[in-house]
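Scroll down for the structure; my scribbles are underneath it.
Just so you know, all these numbers are worked out from the coordinates, no wet-lab data involved. Since the model is a prediction, treat every value here as computed from it, not as a measurement. Cβ sites come from the backbone with ideal geometry, for glycine too, and all protein chains shown count toward neighbours.
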Amino acid sequence: MYNIVKTLHSYWAYVVLLVLILATVNALIKTFGDKEYEAKDFRKSLFTLIVSHIQLLIGLVLYFVSPRFELWGELGGKVMSNSLARLYLVEHPLINIIAVALITIGYSKHKKKLTSKAKLKTIAVFYTIALALFLSRIPWSSWMG
């Protein structure tokens, strides 16, 4: 089960990054280009919300079925002094949960805005920060290798 969930989590991450990059770039271009908010912008931001939440659920399952989870018992308080264990057990999950929360907050806040500029700016700000957080905590060596 672990290998299936790990593979799914890794491949779904490509979908999440692609969709998040598209939604973020779209919002940034439209914000700075003074463009109107359209139904397709709503769909892009909603699809980003959905795929990121699916990734979060897959990641949470992976976290608890992973053999790395046992490092909590083996290393105890020394998890933080082991950079690889810290990345997989603390940094990656925590930062990505925060990123998904920012996507959720940005999506919710943008729906309450009344003007195109305000809607697009809200998506641009929250999704850009979420993207930066995602990119900062991807375990690149294992993901690309």
| field | Enumerated helices (runs of 4 or more DSSP H) restricted to the range 16-127, each holding at least 1 residues that are under 20 Å from the mean Cα position of the chain (by Cα) | value | 39-65, 83-86, 92-112
| query | Does LEU87 meet the test of being over 15 Å from ASN26 (Cα atoms) and in contact with a Pro (Cβ under 7 Å, 6 or more places away or on another chain)? | reply | yes
| field | Subset of the range 11-41 (residues that are surrounded by fewer than 18 Cβ atoms within 10 Å (Cβ to Cβ), in contact (Cβ under 8 Å) with a residue 60 or more places away in the chain and of a type outside the set (Asp, Glu)) | value | LEU17, ILE21, LEU28, LYS35
| Out of the residues in the range 112-141 that are among the basic types (Lys, Arg) and without any contact (Cβ under 8 Å) to a residue 60 or more places away in the chain, which is surrounded by the fewest Cβ atoms within 10 Å (Cβ to Cβ)? | LYS112
| request: May I ask you to list pairs of residues, at least six apart or on different chains, whose Cβ atoms are under 8 Å apart, with the first in the range 58-70 being touching a residue at least 12 places away in the same chain (Cβ under 8 Å) and of a type in the set (Phe, Trp, Tyr) and the second being loosely packed, with under 15 Cβ neighbours inside 10 Å and not in a loop (DSSP other than H, G, I, E, B)? | output: TYR63/PHE69
